[in-house]
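Before any comments, here is the structure.
The values are calculated or read from the model by the stated rules, or taken from the named source; none is laboratory data. Note that the coordinates shown come from a computational prediction; the quantities given were computed from them, not determined experimentally. In this analysis, Cβ positions are derived from the backbone assuming ideal geometry, glycine residues included, and neighbour counts consider all displayed protein chains.
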Amino acid sequence: MSSNLNTKGVIGIFDDPETVISAAQKARKNGWRKFDVYTPFPVHGLSEAIGIPRSKIPWVTFLAGLAGGSFGFMLQAWTSAVDWPINIGGKPFVSWPAFIPVTFELTILIAGLSTAAALFVTCGLPKLNEKPMALSLTDDEFGLFVPATEVGFNRDAVTQFLKEANANEVRDVQE
Amino acid sequence: MSHHGYHSLADLPKPGHFHLPKTAKHIFIACVAIGVVSFAGALFQDATRAWYNYLIGYFYWMSIALFGAFITAIHHATGSQWSTPVRRLAEGMSSFLPVAAVLLLGLFLGLHHLYEWTHVEEVAKDVLLSGKSAYLNTPFFIIRSLVGMAIWAGFAHYFTTKSLEQDQSGAISITKGLIKASVIFLPLFALSFTMASFDDIMSVEPHFFSTIFGVYQFSSLFYSGVTTLTIIVILMQKQGLLKGLVTEHHMHDLGKWMFAFTVFWAYIAFSQYMLIWYANLPEETFYFIKRQENGWQYWALSLAILKFIVPFFLLIGKWAKVIPNYLLSVGVLMLVANWIDLYWQVAPAYSEFARLGWQELGIFVGFLGLFGLTVSRFYSRHPLVPMKDPYLLDGVNHNQF
Amino acid sequence: MKHNTNAAEYLEPEPHPADSLTYDQVTRDVCAPLERVPGRGWWMAFSGALGLLTIGLISIYKLVTTGIGVWGLNNTIGWAYDITNFVFWIGIGHAGTLISAILFLFRQKWRTAINRSAEAMTIFAVMTAGLFPLLHTGRPWLAFWLFPYPNTRGSLWVNFRSPLLWDVFAVSTYFTISAVFWYIGLIPDIATVRDRARNKIRRVIYGALSMGWTGSMRNWMHYEMVYLILAGLSTPLVLSVHSIVSFDFAVSVIPGWHTTIFPPYFVAGAIFSGFAMVMTLLIIVRKVVHLEEYITVRHLENMCKIIMATGLMVGYAYASEFFIAWYSGSPYEQFTFVNRAFGPYAWAYWTMVSCNVFIPQVFWFKKMRTNLTIMFIISIFVNIGMWFERFVIIVTSLHRGFLPSEWSYFTPTIWDIGLLIGSFGIFFTLFLLFTRVLPMIAMAEIKSILPFKRKGGVEYGTHEDVV
């Protein structure tokens, strides 16, 4: 048990996506919920295997877009009709057709920036202090990582599990 | 989502055979009867009103049928795979084109009621109209309409016949031939449909002109066409006829197209309206002024709300595109909105005040019945899915993600 | 990539990069230009670009210190090269967004080979384009007046009813969102470069740029969603940008400018010209940095088809403008179009029509669509034609006003020409630097469309079999 204290977890390195998918499926069947897989590209079918729920970021985009659009329209109406109304070309102060383009652009701008911000927040970026577990995980290998905080974590059992799942290499990850 | 997909054409489930349910058939026949009676009644009461509703019914359903041919051509020309399982249903939509050709002949009888530019005495008095008379005159109109219709119905016939032939032989050469024909059809379609838009719809206000008008009608063609196709797919699925061939992924894609063209129509409609509003030239603005007063303003407003805003918010989520009954209801709403659009473009040319009566509803319903009967006849006679199409396997296995 | 006997494969093989590629080879090939000393070809191109850039900088210096009087503008023709260049470069940018966003939504997997460089092109083209309106203000250091900010003059707000202001919002939104989209696409690839770095400086720089991306699947899942959303937002955005550029002209009452088809017509033209520029660049770049295996002739052939289709759309717009000018019965409209085709600028008009409508028709033939020399020549013609399109629209409509007393002719000065040449210098310099410091091909995306493989390259199965 003492070895668990300074161990962050155990990682198994796989060299093809198919094996890692089936390993992830088995890990999920074990009742594990906190493990993660590190991959050089989004492997299709893997997030289902791990059991990650669909991202909620679309809601951020939607609400930010609504906010951006409303802000854009009100800004234009307020500056053109309330704060300093100026008659330009005989057009009404609140010329809604003329306000659509800027309203639209602000909808997109705020929605897009919020979406990007939401990505950084949900992924905890930037995380510059985090050391990569293996350099090959951004190249051509796939790492299934079981953290020490995983449900019913037992170093030896996990190591055994990963070996049986055909991992090329299994090792402890230290803090 | 972990379905493994099929590995060969032979593994695919067979589509069911379509039989139009008796009640549906009776409803369609009743619709046609209502249409004929309404048209005849209207003809006695107010011939112009009868004819412009006829024009609307014709153009509305012709566009939907033409979408069937257009999307088939796009499918071939772009080498699409996902749409293969629903392509036969689109081909079925285009089977209404020969009926539309007959309806077009009928329309020629009403030209004098419909188009101011057919009145030779009035054209002579009007500088602008006499300037256009080299284009806007009855014989040339008839020639253009017939040539356009011949192109549409001819190519649609070719697409369908060849596709049915492939059901037997499975020959890849057929797909190759269809690709060539589609590439030729698409530019011809662009020209002929633009002309039809100018001729049939824009020239009801012969003084009005707008270069985007063809694109506007095209956006409506796609809008109503893809909605109709989706509705047909859903109805077929409800009868269990496309099991294993058309999946949630296909529904999601069709829903995306409905959403995309809701936005595209709004973009085109806004561009046309805003540019004319902004430049404020009387030779153009009269068109919209007429359509913004005497009750027509409510039509304009409902158009913006029902054709764009409501479907936009109803269709924006992913969930919205994969619940069949929900998508079906939104589709019906969109088809109604598309009719409002066409009515709002045509009717104010003849009627100073907005009105809606049994003439409008009756005649439109008649065309609906005719479309339903023609298209369901096609579906009941032919397999619902091109089972030997080389792209079908990839199309069925199609996965969004 | 199905591996069962399937006619679709045989019919139109998907232009994927070669199937023999392994993940590691993709990494090595794409990172190679970043990790070696540039060759002679790159240095020659770079010094050429710097030469053009110098001409541009001198022209800008002259312009800013003297005023826009150094241009050939006059009272009648107040817009000429500057706005032509602006619209031209904005249009170039559109292909990048089309490839990265619209083709993504259409699931055109072949785009993965070219999207990164096309997106880079978008950003550099928009930067180049943005220069022209700024310089045209005459006092670019006051350009912040274009934004609505509370100020001590009232506050005197900007005029939201002016299409020129819509441009400010459209172009800055377009630049921001394109840059964000591009950067997010780059993060995983920068992480790859970071993990290959052999020295500390590289590791720190690329490490910071990658934000510490680890490739965790829980992150990938959000990442893919965000990428999809940004593609969804960029698609209407790109349509809006060139539509708003077209509004600059179309809201006016100038014959030849005020016509309702302008928004979709400008968008089609932008995609058309942008694709031609992508093609010009890629034909050179794939050779210089040895990426022929990734950017294949099939990719270029697909682009030829898009060029031909959009060229036809542009031709459709020319034709409908002419027809409606006659149909409208407006003598001003009719005069403008006859004057375009047969007046003093007829040479420019026919250059435009030939380059944009007639010449691309050779792409109907497969032989022509797969011949690199022909493609290169035609892409240059289209670039020229599309520059002339904007010139024709702007100058021919202005040079014959409603009153004959204001009729005039525009002749560029050397400063007009210098800035046009210089704009290519800015664009190419930035693009060449990009090919040195960032992965030119989206590695993660390419890997995700390769068949699943073991490391050694033994084929194992495909995505579709698993998913």
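Restricting to segment C:254-305, and then to whatever is assigned to a helix (DSSP H, G or I) and among the charged types (D, E, K, R), can you tell me which residue is nearest to the other protein chains (Cβ to nearest Cβ)? In this case the residue turns out to be C:Lys305. For C:Ala143, are the conditions met, namely being under 24 Å from A:Ala117 (Cα atoms) and assigned to a helix (DSSP H, G or I)? It is false that C:Ala143 is under 24 Å from A:Ala117 (Cα atoms) and assigned to a helix (DSSP H, G or I).
Each residue in segment C:72-104 was checked for being closer than 26 Å to C:Arg139 by Cα, of a type in the set (A, V, I, L, M, F, W, C) and either free of Cβ contacts under 8 Å to residues at least 40 places away in the same chain or surrounded by fewer than 24 Cβ atoms within 10 Å (Cβ to Cβ) (or both), and 5 of them qualify. From the list A:Lys34, A:Lys29, the one residue that fits, being modelled with pLDDT of 85 or more, surrounded by fewer than 18 Cβ atoms within 10 Å (Cβ to Cβ), charged (D, E, K, R) and in contact with a strand residue (DSSP E or B) (Cβ under 9 Å, 6 or more places away or on another chain), is A:Lys34. Is there a residue in segment B:260-271 that is surrounded by fewer than 22 Cβ atoms within 10 Å (Cβ to Cβ), of a type in the set (S, T, N, Q) and part of a helix (DSSP H, G or I)? The answer is no; no qualifying residue exists. Cβ separations smaller than 9 Å between residues 6+ apart or across chains give the following pairs from segment B:322-339 residues that are under 19 Å from B:Leu221 (Cα atoms) to residues that are exposed (fewer than 15 other Cβ atoms within 10 Å of the Cβ): B:Leu328/B:Lys238; B:Ala337/B:Ile305. Taken across segment B:194-204, residues that are among the aromatic types (Phe, Trp, Tyr), within 12 Å of another protein chain (Cβ to nearest Cβ), part of a helix (DSSP H, G or I) and over 27 Å from B:Glu122 (Cα atoms) do not occur at all.
Yes/no per residue for (1) more than 25 Å from C:Leu312 (Cβ to Cβ); (2) surrounded by fewer than 18 Cβ atoms within 10 Å (Cβ to Cβ); (3) within 14 Å of chain C (Cβ to nearest Cβ):
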residue: B:Arg88; (1), (2), (3): yes, no, no
residue: B:Ser95; (1), (2), (3): yes, no, no
residue: B:His119; (1), (2), (3): yes, yes, no
residue: B:Ser182; (1), (2), (3): no, no, yes
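Taking segment A:9-102 as the region of interest, the helices (runs of 4 or more DSSP H) fully inside it that hold 2 or more residues being under 17 Å from C:Trp157 (Cβ atoms) and facing chain C (nearest Cβ under 10 Å) are A:57-77. In segment A:145-160, the residues that are more than 20 Å from C:Gly215 (Cα to Cα) reach residues that are part of a strand (DSSP E or B) and at pLDDT below 85 with C-beta atoms within less than 7 angstrom, at least six apart or across chains, in these pairs: A:Arg155/A:Thr7.
Scanning segment C:176-219 for residues that are within 30 Å of the chain's Cα centre (by Cα), at the interface with another protein chain (Cβ under 8 Å from one of its Cβ atoms) and free of Cβ contacts under 8 Å to residues at least 24 places away in the same chain yields a count of 4. Considered as a group, the residues in segment B:121-153 that are basic (Lys, Arg) and in contact (Cβ under 8 Å) with a residue 40 or more places away in the chain include one that is surrounded by the most Cβ atoms within 10 Å (Cβ to Cβ), and that residue is B:Lys132. Scanning segment B:59-116 for residues that are under 16 Å from B:Ala196 (Cβ atoms), free of Cβ contacts under 8 Å to residues at least 40 places away in the same chain and not in a helix (DSSP H, G or I) yields a count of 0. For segment C:399-413, the candidate set comprises residues that are touching a residue at least 40 places away in the same chain (Cβ under 8 Å) and assigned to a helix (DSSP H, G or I); within that set, the residue that is surrounded by the fewest Cβ atoms within 10 Å (Cβ to Cβ) is C:Glu406. Among the residues making up segment A:31-60, those that are among the hydrophobic types (A, V, I, L, M, F, W, C) and closer than 23 Å to A:Ser114 by Cα are A:Ile52, A:Ile57, A:Trp59, A:Val60. Test C:Gly138 against the stated conditions and say whether it is surrounded by fewer than 21 Cβ atoms within 10 Å (Cβ to Cβ) and touching a residue at least 12 places away in the same chain (Cβ under 8 Å). Yes, satisfied.
Considering B:Leu275, B:Leu242, the condition of being surrounded by 20 or more Cβ atoms within 10 Å (Cβ to Cβ) and at pLDDT below 95 is satisfied by B:Leu242 alone.
Looking across segment B:378-401, the residues that are among the charged types (D, E, K, R) and touching a residue at least 40 places away in the same chain (Cβ under 8 Å) come down to B:Lys388, B:Asp389, B:Asp394. For segment B:253-286, the candidate set comprises residues that are among the polar types (S, T, N, Q) and more than 11 Å from chain C (Cβ to nearest Cβ); within that set, the residue that is nearest to the chain's Cα centre (by Cα) is B:Thr262. For B:Thr161, the conditions (1) without any contact (Cβ under 8 Å) to a residue 12 or more places away in the chain; (2) surrounded by 16 or more Cβ atoms within 10 Å (Cβ to Cβ) all hold with the exception of (2). In this structure, does A:Leu135 turn out to be more than 18 Å from the chain's Cα centre (by Cα) and either more than 7 Å from every other protein chain (Cβ to nearest Cβ) or within 30 Å of A:Val20 (Cα to Cα) (or both)? Answer is yes for this residue. Note on segment B:287-316: residues that are in contact (Cβ under 8 Å) with a residue 12 or more places away in the chain, assigned to a loop (DSSP other than H, G, I, E, B), away from chain C (no Cβ under 14 Å) and not small (Gly, Ala, Ser) amount to 2.
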